[in-house]
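J.: One structure coming up, written as structure tokens, with questions to follow.
The values are calculated or read from the model by the stated rules, or taken from the named source; none is laboratory data. Everything numeric here is computed off the predicted structure, so don't read it as measured data. Because the Cβ atoms are built from the backbone with ideal geometry, glycine has one as well, and the counts that use them run over all protein chains shown. Note: accessible area is taken over every heavy atom of the protein model, side chains too, but ligands, DNA and RNA are not part of it. Shrake-Rupley method; radii C 1.70, N 1.55, O 1.52, S 1.80 Å.
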Amino acid sequence: KQSQPDEMRSQPDEMRVSNDFNLLSELRRERFSISAARRIELQMARCRSRPVFGVIENKLLAHSLLHALGVPILPIEYGALGSRQLGEWRRLQPRLLRAALGRAHGWERGAVLKPATDGGNVGLLLISGRGRLPNGSLRFDTEGHNGDRWVHEEMSIEGVLARAQRITSPQAPSARWRQEFEHRGVLLQQRYLCAPSAECANASHPLVEVKAHVVFGRLSCFVVEQVPVAYHRSLYVTVLDGRLLDCSASHSFAAAPGDASLIWSKAGATYRTTTAMHHIGCEQFMAMVRPQLPMLAALAEQIAATLGADWFRLDVFLGHPQLSVRVNELTYPSHVNDTCALQQWLHQYRELQPHSFPGEYVYAKLSKLIGLDNTTFYQSDFKA
């Protein structure tokens, strides 16, 4: 049995970070003064080349990891990889995905279909069952983000299935990240929403997604988005040493708090639908999140310790009376330009000068925890 190396044993008053994450040398060269864009650039160089990020940045493998750690997560109703089986996730079988989509057609909360290795909502599809098409095929109302707005489209089950197969193909947009340990896949989940027939659907009971940067195991600043998301509406919360310091709303959020419109385009026309969504403000959010802070802080610390991480983003859903708190995903490096978290991160590096331990030990621990076959894992889609 492999013993834990001396480098991984905690010592008093010393901070230790996996060398897959540790950027002390780079930050010394830059005199601990960098922009948010430069932070992303430095971290992306690590993300592209280290195997641990092939786990963190794969929503299927990260789901297995979070489950093994006992983290509250939303179940994956169907998940598969495009090229090979890894751990519990088998290779994509269209007939099984079609059967899962058939079940999703009846879900009151709707479903989300998304790629395992992409971000920024690229390839993500929100779907709701809406009867049948004239040819008898199951019909779905879908929404996907085109980088500017949500686009509404009516699709058959065959169309949704084709979309899933495209995001696992060699031509998938996720190839642009050039992650050396990418294994493309697809997952289908029920959405974190109140079903129309549920009591909470008619109450002023907002649901949110908290996107929290975790700096050396401590919660840093939050970007808070309403669920369903509206990108022009967000809150920004400053957190330091486990304390909520302040909260501010985006300009458009503050200027139009009662406007619950969703805009999409279809066949060249623009449509607006108005819902009865109650928009959350700073005071209500702070009251909602404050009782959850100890649990969120414990999750952040646990995940950071498992990864040996100095930085990652933890995305968490809050507010559902039945589903309660659910972690949506982990991401590294995070393309949110969070200057507050950046300054906390730079301060920690400058003051504490963290030591490294070998990232190979972290990857070995993770691969054992989620049942990865290393030979198969190293035969990635990037290298195919």
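J.: Residues in segment 117-130 that are surrounded by 21 or more Cβ atoms within 10 Å (Cβ to Cβ) and in a strand (DSSP E or B): how many?
T.: Summing the residues that are surrounded by 21 or more Cβ atoms within 10 Å (Cβ to Cβ) and in a strand (DSSP E or B) in segment 117-130 gives 3.
J.: Restricting attention to segment 189-221, report how many residues are at negative phi and more than 14 Å from the chain's Cα centre (by Cα).
T.: Qualifying residue count for the region: 21.
J.: Taking LEU81 as the residue in question, decide whether it is within 14 Å of GLN165 (Cα to Cα), open to solvent by less than 10 Å² (accessible area, probe 1.4 Å) and touching a Phe, Trp or Tyr at 6+ places or on another chain (Cβ under 8 Å).
T.: It is true that LEU81 is within 14 Å of GLN165 (Cα to Cα), open to solvent by less than 10 Å² (accessible area, probe 1.4 Å) and touching a Phe, Trp or Tyr at 6+ places or on another chain (Cβ under 8 Å).
J.: Here's another thing I want to ask about it. Can you report the number of residues in segment 228-244 which are modelled with pLDDT of 75 or more and in a loop (DSSP other than H, G, I, E, B)?
T.: Matching residues across segment 228-244 total 4.
J.: Of (1) more than 23 Å from PRO170 (Cβ to Cβ); (2) in a strand (DSSP E or B), GLY79 satisfies all except one. Which?
T.: (1)
J.: Within 28 Å of ARG176 (Cα to Cα) and touching a His at 6+ places or on another chain (Cβ under 8 Å): does that describe SER367?
T.: When the stated conditions are applied, SER367 does not pass them.
J.: Can we say ILE56 is touching a Lys or Arg at 6+ places or on another chain (Cβ under 9 Å) and of a type in the set (A, V, I, L, M)?
T.: no
J.: Go through segment 84-116 and count every residue that is part of a loop (DSSP other than H, G, I, E, B), open to solvent by 20 Å² or more (accessible area, probe 1.4 Å) and closer than 18 Å to SER169 by Cβ.
T.: Summing the residues that are part of a loop (DSSP other than H, G, I, E, B), open to solvent by 20 Å² or more (accessible area, probe 1.4 Å) and closer than 18 Å to SER169 by Cβ in segment 84-116 gives 5.
J.: Would you kindly identify the helices (runs of 4 or more DSSP H) lying entirely within segment 305-384 that contain at least 3 residues that are over 29 Å from GLN171 (Cα atoms)?
T.: Passing ranges, in order: 339-352, 359-370.
J.: Check every one of the helices (runs of 4 or more DSSP H) wholly within segment 15-66 and list those with 2 or more residues that are of a type in the set (Gly, Ala, Ser) and over 20 Å from THR375 (Cβ atoms).
T.: 36-49
J.: If I filter segment 368-382 down to residues being of a type outside the set (A, V, I, L, M, F, W, C) and in contact (Cβ under 8 Å) with a residue 60 or more places away in the chain, which single residue comes out as nearest to GLY308 (Cα to Cα)?
T.: GLY371
J.: Would you please list the contacts, defined by Cβ atoms under 8 Å and residues six or more apart or on different chains, that run from a residue in segment 84-107 that is under 29 Å from LYS368 (Cα atoms) to a residue that is surrounded by 14 or more Cβ atoms within 10 Å (Cβ to Cβ) and basic (Lys, Arg)?
T.: Listed pairs, sorted by first residue: ARG91/ARG84.
J.: Can we say CYS247 is of a type in the set (A, V, I, L, M, F, W, C), modelled with pLDDT of 90 or more, out of contact with any Ser or Thr (no Cβ under 6 Å at 6 or more places or on another chain) and in a strand (DSSP E or B)?
T.: When the stated conditions are applied, CYS247 passes them.
J.: Further, regarding this structure: Residues being closer than 26 Å to ARG39 by Cβ and not small (Gly, Ala, Ser): count how many of those fall in segment 339-384.
T.: So the count comes out to 24.
J.: What strands (runs of 3 or more DSSP E), lying completely within segment 131-201, carry at least 2 residues that are out of contact with any Ser or Thr (no Cβ under 6 Å at 6 or more places or on another chain) and open to solvent by 20 Å² or more (accessible area, probe 1.4 Å)?
T.: 138-145, 150-156
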